[in-house]
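One structure below.
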Amino acid sequence: MDDFATSRNQMVERQIAARGIRSPRLLAAMREVPREAFVSAALAGQAYEDSPLPIEADQTISQPYIVALMIEAAGVAPGDKVLEIGAGSGYAAAVMGRIAEEVIAIERHAELAALAETRMRRLGYDNVRILHGDGSAGLPEQAPFHAILAAASGSHVPEALKAQLAIGGTLVMPIGEPGAVQSLVKLTRTAEDSYDSEDLGPVRFVPLIGEQGWTERGERRSPPAARMRAAAEPLPRIDDPAFAKAFDRFGDARVVLLGEASHGTSEFYRARAAITRRLIEGHGFTIVAVEADWPDAANVDRFVRHRPRRDGEEAAFRRFPTWMWRNAEVEAFVSWLRSHNERREPEAMAGFYGLDLYNLPGSMRAVIDYLEDVDPEAAALARERYACLMPWSRDPALYGRLAVTEGYARCRAPVVAMLRELQAKRLSYIAENGEEWLDAAANARLVQNAEAYYRAMYEGAAESWNLRDTHMFETLCQLLDAKGENAKAVVWAHNSHIGNAAFTEMGQVRDELNIGQLVKERFGERARLIGFGTHAGTVAAATDWDGPMEVKQVRPSLEGSYERLSHETGLPRFLLDLRDSEAGAPLLEPRLERFIGVIYRPETERWSHYAQAILPRQFDAWVWFDETEAVRPLPGAEAPGEDDMWPFGL
Ligand code: SAM
């Protein structure tokens, strides 16, 4: 036995076992890991002393007994996935690696992280990984962990770390001021929202320096709202030209997605209109694609691009929820778009398009109308094929249910055949009427996807949601493709569609994706996702699906939510550029965010309208209006044919 092995055994007997550490696995691991390999050659002779030792970057390797105490308290066991924050020399991580299945250790000093990583490779400890970075907010993408050990002292246990513990898992961390005597705290997660805490006694550790710890100078960080205030850029009123100008920084993107935290807030529509005007006038955007049905938006598009109106076409947006697009704010924007396009070459005009798939009868009719013009025989065939879906066109969900009970999708084949045929004859149709080709193809694709969507509704919420958002994303891509490689698009859709779902409960718990996520995957930095939020005021919404629109009071935002933080800045309006790490970093801890849709139920708000999210990963920017008002709906739609005022039939 070499000298080190003898010292190691003595260390385990005299410093560890003699002080009451019982776990046989832990004692065996400490007999195995060569502690002398974790200090500089000059200090190797002192590696088994009963004390911490200095390592590079002015840090320390912990006293052997403290390492053992923390590992035993954390209950590290075979099969566990463990996170260590503050890898230092890598010694504690190496010991845990002899027991657990997998250990990930984070170290903020690059030099230490590199040395520790080299040691693991040299010793063949392949289940231990050392990452370089700030570990104070943990590693959400690798969670949950059975055990989390922090080897540096914080002012409190960060919520983000608690959230990354598996239920039944344990966190061990020193809590207290830098340089002072601290308490070693053990926290066990007993259920989704409950934790048991125990004080394991006094210790003295180096400070945890980082986002959720102390500042570089060892000072306490100011509260997140104060840091948000420091990073927020106050915005003037929406009608002040400086408002839209603040968004010039996103003008070089190919796709700018503008969200909304409800479907009935005037400020969100007016702000998006102002920003979109600026992007169109100053940055070459020519596509406005909105979360509205394709055929209805196509009607508006003909109006704004000065194209002939279709005979007998219904006024746009006549179905529930009418106020979402039939409102004074949208009307004002549409009128501006029409005047902007006046006297412009067709290629230079900006168009208005719908990404959504709910107006099935409108789309079927548009395909048939188009074919009547270019290929009457095909129109007859289309009528026959779509007849399959016609009986359910007012309530297509019934078709979905029937398909499930019958065990087969009776209308699938005809609608797929219709789209395929339209695409096969693409060239000859374009020669007949190219302008309308895109519209007809989009409608045929919509019918095909809507047929699948209504069936998927009975398979599960995530399937139908994913089908719908994938359809919207593909429609957007087809528009960009059709307009050429330099085409640029602005998208208006709810925050739930445009904020990257991978960083919200939607993606993390419900397996849902969305347009924002798909766009980011496709366009990366050339896509900008901009979320909108509010604290209180009024909103236009219904209580139930198909119910009447009501103007409801928005409850003040919940304590601890992103909205409450934004409110606490005291600013009436602001832009927070989350790409800037000063602005984004304090918000990385997951928090609640409010989602009001077509339906708003204030009575059950916490459960029906709030979900967890990581704002700086969800969006590139956050736009805030502290107090907001309901949109102003246009009067009800007239019956088809009665209206002379295009496109809203007023
Ligand atoms: N367990 C370690 C060992 O066996 O060598 C001892 C670690 S030492 C007491 C604490 C380490 O935490 C230092 O190397 C320090 O750089 C690191 N640290 C402090 N704040 C950190 C943070 N936010 N993220 C990652 N490492 C951090």
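Assorted remarks:
- Among the residues listed as 199, 193, the single one being within 18 Å of residue 74 (Cβ to Cβ) and acidic (Asp, Glu): 199
- Residues of the stretch 65-86 satisfying the condition of being within 12 Å of the ligand (Cβ to nearest atom) and either in a loop (DSSP other than H, G, I, E, B) or on the phi > 0 side of the Ramachandran plot (or both): 86
- Reported count of residues in the stretch 203-225, each being among the hydrophobic types (A, V, I, L, M, F, W, C) and more than 7 Å from the ligand (Cβ to nearest atom), is 3.
- Residue check, residue 237 within 16 Å of the ligand (Cβ to nearest atom) and either farther than 30 Å from residue 284 by Cβ or exposed (fewer than 13 other Cβ atoms within 10 Å of the Cβ) (or both): no
- When the stretch 193-227 is filtered for residues that are loosely packed, with under 12 Cβ neighbours inside 10 Å and either charged (D, E, K, R) or not in a strand (DSSP E or B) (or both), the ones remaining, listed by number, are 193, 196, 199, 216, 217, 219.
- Tabulated pairs, the stretch 45-69, first farther than 20 Å from residue 185 by Cβ, second among the acidic types (Asp, Glu), C-beta under 6 angstrom, 6+ apart or interchain: 47/36; 56/111; 57/111
- Only listed residue being more than 16 Å from the ligand (Cβ to nearest atom), under 30 Å from residue 159 (Cα atoms) and surrounded by fewer than 21 Cβ atoms within 10 Å (Cβ to Cβ), chosen from 230, 242, 261, 180: 230
- Some residue of the stretch 411-433 being closer than 15 Å to residue 368 by Cα, in contact (Cβ under 8 Å) with a residue 60 or more places away in the chain and not assigned by TED's automatic domain parsing to the domain that holds residue 306: yes
- Scanning the stretch 18-51 for residues that are surrounded by fewer than 17 Cβ atoms within 10 Å (Cβ to Cβ) and more than 22 Å from residue 124 (Cα to Cα) yields 18, 19, 20, 22, 24, 42, 43, 45, 46, 49, 50, 51.
- Applying the condition of being crowded, with 21+ Cβ neighbours inside 10 Å and closer than 22 Å to residue 223 by Cα to the stretch 151-163 and asking which residue is nearest to the ligand (Cβ to nearest atom) yields 152.
- Where helices (runs of 4 or more DSSP H) sit wholly within the stretch 482-596, those with at least 2 residues that are among the small types (Gly, Ala, Ser) and out of contact with any His (no Cβ under 6 Å at 6 or more places or on another chain) occupy 581-584.
- Of all residues in the stretch 597-621, those being closer than 19 Å to residue 525 by Cβ and either part of a strand (DSSP E or B) or touching a helix residue (DSSP H, G or I) at 6+ places or on another chain (Cβ under 6 Å) (or both) number 6.
- Residue 24 being within 18 Å of residue 112 (Cα to Cα) and not assigned by TED's automatic domain parsing to the domain that holds residue 107: no
- Residue count for the stretch 207-225, restricted to those that are modelled with pLDDT under 95 and more than 30 Å from residue 574 (Cβ to Cβ): 1
- Residue within the stretch 381-391 that is free of Cβ contacts under 8 Å to residues at least 24 places away in the same chain, within 21 Å of residue 296 (Cβ to Cβ) and over 35 Å from the mean Cα position of the chain (by Cα) present: no
- Neighbours by Cβ (under 8 Å, 6+ apart or cross-chain): first from the stretch 332-351, in the same structural domain as residue 271 (by TED's automatic domain parsing) and surrounded by 19 or more Cβ atoms within 10 Å (Cβ to Cβ); second assigned to a helix (DSSP H, G or I) and aromatic (Phe, Trp, Tyr): 333/269; 334/303
- Qualifying residue in the stretch 181-197 (condition: closer than 25 Å to residue 58 by Cβ and touching a residue at least 40 places away in the same chain (Cβ under 8 Å)): yes
A quick yes/no check of all residues on (1) under 19 Å from residue 265 (Cα atoms); (2) out of contact with any strand residue (DSSP E or B) (no Cβ under 9 Å at 6 or more places or on another chain); (3) touching a residue at least 40 places away in the same chain (Cβ under 8 Å); (4) surrounded by 15 or more Cβ atoms within 10 Å (Cβ to Cβ):
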position	(1), (2), (3), (4)
545	yes, no, yes, no
591	no, no, no, yes
594	yes, no, yes, yes
620	no, no, yes, yes
624	yes, no, yes, yes
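Let's see how each residue does on (1) within 26 Å of the chain's Cα centre (by Cα); (2) surrounded by fewer than 20 Cβ atoms within 10 Å (Cβ to Cβ); (3) assigned to a helix (DSSP H, G or I); (4) among the basic types (Lys, Arg):
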site: 271; (1), (2), (3), (4): yes, no, yes, no
site: 279; (1), (2), (3), (4): yes, no, yes, no
site: 301; (1), (2), (3), (4): no, no, yes, no
site: 307; (1), (2), (3), (4): no, yes, no, yes
site: 311; (1), (2), (3), (4): no, yes, no, no
site: 314; (1), (2), (3), (4): no, no, no, no
site: 318; (1), (2), (3), (4): no, yes, no, yes
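- Count - residues of the stretch 170-192 that are charged (D, E, K, R) and outside any loop (DSSP other than H, G, I, E, B): 2
The values are calculated or read from the model by the stated rules, or taken from the named source; none is laboratory data. Owing to the predicted nature of the structure, the values given are computational and were not obtained by experimental measurement. For neighbour counting, all protein chains shown are included, and Cβ atoms are generated from backbone atoms with ideal geometry for every residue, glycine included.
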